[in-house]
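The values are calculated or read from the model by the stated rules, or taken from the named source; none is laboratory data. Keep in mind that this is a model prediction, so the values were computed, not measured. Cβ placement follows ideal geometry from the backbone for every residue including glycine, while neighbour counts extend to all protein chains displayed. Areas reflect the complete protein model, heavy atoms only, side chains present, ligands, DNA and RNA absent. Shrake-Rupley method; radii C 1.70, N 1.55, O 1.52, S 1.80 Å.
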Amino acid sequence: MDATPTARQHCASLQEALTSFQHDGRTGLAEAAEWGRRLARVLPAGGRLLAAGNGGSAAQAQHLTAEFVGRYREERPPFAAVALHAETSAVTAIGNDYGFEQVFARQVAAHGRAGDVLLLLSTSGGSGNLLAAADAARDAGVRVWAMTGPPPNPLAARADAAVTVDSPSTATVQELHLVALHVVCEAFDEALTGAERRPAPAVLFSREAA
Ligand SMILES: O=C(CO)[C@@H](O)[C@H](O)[C@H](O)[C@H](O)COP(=O)(O)O
């Protein structure tokens with residue numbers, strides 16, 4: 001049975017975006033790896049990663065924080081990472097009382113500390129609640145990283161650094177973001193020192209240790 005032309009186009013679009021990502025030294029693979037290395041300095045020192053997105057990008061943000069709180073490949077201690085959209089009571093209360101645009105900004109003001117990192121994912125780079133979160137982060141001394149679709153866009157412009165995917169397809173942008181997030185995790189794990197990599201006591205509760 002043959003694949004449909006649409007399915008072939010989907011894969012071709014991803015392949016094209018992946019090629020650009022690999023060769024873009026400023027907003028592609030090299031930048032994502034740099035984020036992982038920087039997080040390897042921030043998180044073991046007690047800093048925190050906050051992440052947020054809407055819709056499919058919310059799922060991506062949550063995927064990333066799970067890699068840090070759980071683990072990526074190798075056993076290692078848990079690190080502080082929170083997906084803001086997953087705070088359902090906070091999101092609904094803030095949205096209800098202050099408006100949807102504030103759902104992330106108010107959480108950033110509550111949780112963000114100078115030196116922390118806020119990673120915002122958006123295919124359009126124009127979602128109002130993410131732009132407000134970026135502004136709140138700046139006020140709190142929190143570094144802002146944006147993963148977006150095609151540049152230029154308002155979110156990438158407000159961020160301290162951006163990984164951008166120059167594709168007109170939302171699906172392609174989201175799929176490439178997942179690749180970039182895993183690159184961040186790989187670079188993070190590689191950059192940890194031996195002592196930082198040593199499993200914390202929490203590993204006593206892992207299934208292997210039980
Ligand atoms: O996953 C998809 C489309 O693939 C949608 O759920 C999509 O994420 C939503 O429309 C978002 O609201 C789009 O927001 P953004 O990525 O432009 O910030």
Taking +1 at the Cβ of each Lys and Arg and -1 at the Cβ of each Asp and Glu, which of Ala58, Ala45, Met1 sits farthest along the dipole of the stretch 1-130 towards its positive end, judged by Cα position relative to the Cα centre?
-> Ala45
Stretched fully, the stretch from Thr4 through Asp139 gains (0.36 nm per residue minus C-alpha distance, one decimal, in nm) 43.7 nm
Using mean Cβ contacts within 10 Å as the protection proxy, how do 158-165, 113-120, 26-33 order, highest first?
-> 158-165, 113-120, 26-33
Provide the FRET efficiency to the nearest 0.05 for the Gln15-Ala45 pair, computing r from the beta carbons and using R0 = 30 Å.
-> 0.20
Inter-label distance, nm, simple model (7 Å from Cα along the C-beta direction), Ala59/Ser124 | 1.9 nm
Grab the eigenvalues of the alpha-carbon gyration tensor for the chain, scale each by 5, take roots, and send me the semi-axes largest first in whole angstrom.
-> 26, 24, 17
Probe 1.4 Å, protein heavy atoms only - accessible area per residue of the chain in square angstrom | 50 Å²
For Asp160 and Ala30, what does the FRET efficiency come to when R0 = 25 Å and r is the distance between their Cβ atoms, rounded to the nearest 0.05?
-> 0.95
Using modelled amide H (1.01 Å from N, peptide plane; none on Pro or chain starts), what sits under 5 Å from the amide H of Met147, excluding residues fewer than 5 places away?
-> Leu120, Leu121, Ser122, Val163
How far is the Cα center of the stretch 1-46 from the Cα center of the stretch 149-192, in Å?
-> 7 Å
The chain, dipole about Cα centre (Lys/Arg Cβ +1, Asp/Glu Cβ -1), debye to the nearest 20 | 480 debye
Here the stretch 94-184 gives, from Cα atoms, an Rg and Dmax in Å of 13.1, 38
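What full-extension length gain, to one decimal in nm, is calculated for Gln22 and Glu186 as 0.36 nm per residue of separation minus the Cα-Cα distance?
Separation in residues times 0.36 nm, less the Cα-Cα distance, equals 57.5 nm.
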